[in-house]
Structures are given as C-alpha cells and as structure tokens.
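Heads up: the structure comes next, in structure tokens.
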Amino acid sequence: MTTLESKSAVLWSLLGLLFLLFALALGPLPALAADDWQDYDDGQNDAARFDTAKKQPDAVLYEVTEDMILMDASGARVAGPVPNGRRSAVAQLTGWAKVGTPLCPLWVTWINPALKQCTLNASGADNLGLATGTGTVGGTWAVVVQGDNSVDAPEFVILTGTFNGAADLSKAFANVAPLGYITNGVGKIDQTGATFTFTGTFRLPFSIDTTGKSHRSFRSSSAYYLGDDGKPFSVKKNEKSIGFPTVRLEINF
C-alpha cells in the first residue's frame, strides 16, 4: 500500500522533474541563481551575520509594504482607536527559505546543486485586538526564481501555497518589547496538498538615541532589531525598503 508520505514524495519528484525539463527547454530564463537572495551590501549571507540568535531561522521574510485600517467591535472602519477596537493590515513580504524546508524543497538542488536558499514572496493579513494585541494571521506565499530580467528581484513562480496561524503582538502593543509571535501556524502547498506546521517571530525595528533609550525608527536612520538574548543587533542596508527599516519575520518549521 502506498503511504501518503510516499505519494507526496513522488509528487515532489515529478514537480521537480517537470520544472527541470522546463528550465532546460527555455535555457537560462527561469534558472535558479546561487545568489537569488543575499546581502548585497557586503556579499555575506544571512547565516554569517545573524548576531544574537542561537539558531539561524529556517526562513526570513521582510515586510516591504503594509496597509492598515482600524475597526470597531462590529468590524466597521473607524478613524481612530475605539473601545474593543481591532487593527487589520495587509502586508507584502519578501525574503528567503533554507533548502530542505517546506518552502524550499530539496528538488531545487537538481537544477542548481550550489543553491543554499530559495527566494520567497508572501502576502499576509492580520486581525488583532487593540486591547490585547492578539488575533489571527494568514495569507499566501510563492517560491520564485530569476525570470526574464537577471538584474531585478526574482519573479518566476515555481511553487505556491497558503498559511494561517495565531498572532500575538501583545509585547509590542504594550511597549514592553518590539517583538511578536506566530503560534499554531499551518501551511499548505498548492501543487501537492501537503501541509506543514511552523512558528514565527516578528522583530520590529527601533532606534537608539545617544542616551541609550530606544525609540521608533525613522526612514534612513540607524535601526536595530531585538535578539532573543535581549540584545539589539543592527538592521542592515538590504533589510530596508526604500530607506525604511522593515519588520523582520523569522520562521521555523
């Protein structure tokens, strides 16, 4: 009897083979590059510069844009915070995932044996209570490789899926720490129907003044993230979007 796991493995293999044949047919158009995602300011990958975490995350996404609205208890949009109000936002994110994870399956190395990580794009939405900072998060994701322009960011989609989970930004809402968390995360791969679980940590950027006090970060200013050990580490140039420090989401499977 064929198990669910073996069926999934066969599907992955077929998907990888199809993409390999497609890549060979089109030549370099959708080829995977070893530097699809890297620290362009110094050539160092994220594993070499992650200063304070005890373990490098399996994937990292950066919030490039966010559109946020406030709502009352009934869900109607309001101009400012109200009792029992909520915050709802939609964000576009980009980043990377390690090879061998659900968001960067091993078959990608058939195309490029030197590849260490895949480029990942996502669209996420949250719905949080203003009083508690807790709620839900969900959205879609896509693994992309270089397409018809070798200079801009990768955009050729090879894998897609969805995700959802419980979000807790109570520390950030209460000004206790610039951190948030995703628990009970579940992802699904569109092409196979396979599911996976994950957890996430949001690191919100902040600035530090000459007296050592932390403040909200501003465009083009020096900014920091808070590590798991309680120490700040610098937001790098490639962790900014048009000059703005970005929210960093670390994912582990």
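For this structure, a couple of remarks:
- Residues in the range 201-211 that are in a strand (DSSP E or B) and in contact (Cβ under 8 Å) with a residue 24 or more places away in the chain: T201, F202, R203, F206, I208.
- Any hit, the range 173-181, residues being among the aliphatic types (A, V, I, L, M), surrounded by fewer than 21 Cβ atoms within 10 Å (Cβ to Cβ) and within 30 Å of T192 (Cβ to Cβ): no
- For the range 138-172, the tally of residues that are part of a strand (DSSP E or B), of a type outside the set (F, W, Y) and touching a Phe, Trp or Tyr at 6+ places or on another chain (Cβ under 9 Å) stands at 14.
- For the range 173-200, filtering for residues that are part of a loop (DSSP other than H, G, I, E, B), closer than 20 Å to R86 by Cβ and touching a residue at least 40 places away in the same chain (Cβ under 8 Å) leaves 1.
- Selected residue (criterion: nearest to E239 (Cα to Cα)) from residues of the range 85-106 that are touching a Gly at 6+ places or on another chain (Cβ under 6 Å) and crowded, with 19+ Cβ neighbours inside 10 Å: A91
- Flag if N121 is buried (at least 16 other Cβ atoms within 10 Å of the Cβ) and closer than 17 Å to D58 by Cα: yes
- Of the residues contained in the range 77-86, one or more are found to be at pLDDT 95 or above and charged (D, E, K, R).
- Residue count, the range 117-137 (criterion: among the polar types (S, T, N, Q), assigned to a strand (DSSP E or B) and either at positive phi or without any contact (Cβ under 8 Å) to a residue 60 or more places away in the chain (or both)): 5
- Taking the conditions (1) in contact with a strand residue (DSSP E or B) (Cβ under 9 Å, 6 or more places away or on another chain); (2) within 17 Å of G187 (Cβ to Cβ) in turn, G100 satisfies each one other than (1).
The values are calculated or read from the model by the stated rules, or taken from the named source; none is laboratory data. All values reported here derive from a predicted model rather than from experimental measurement. Heads up, the Cβs are rebuilt from the backbone with ideal geometry, glycines too, and the neighbour counts pull from every protein chain shown.
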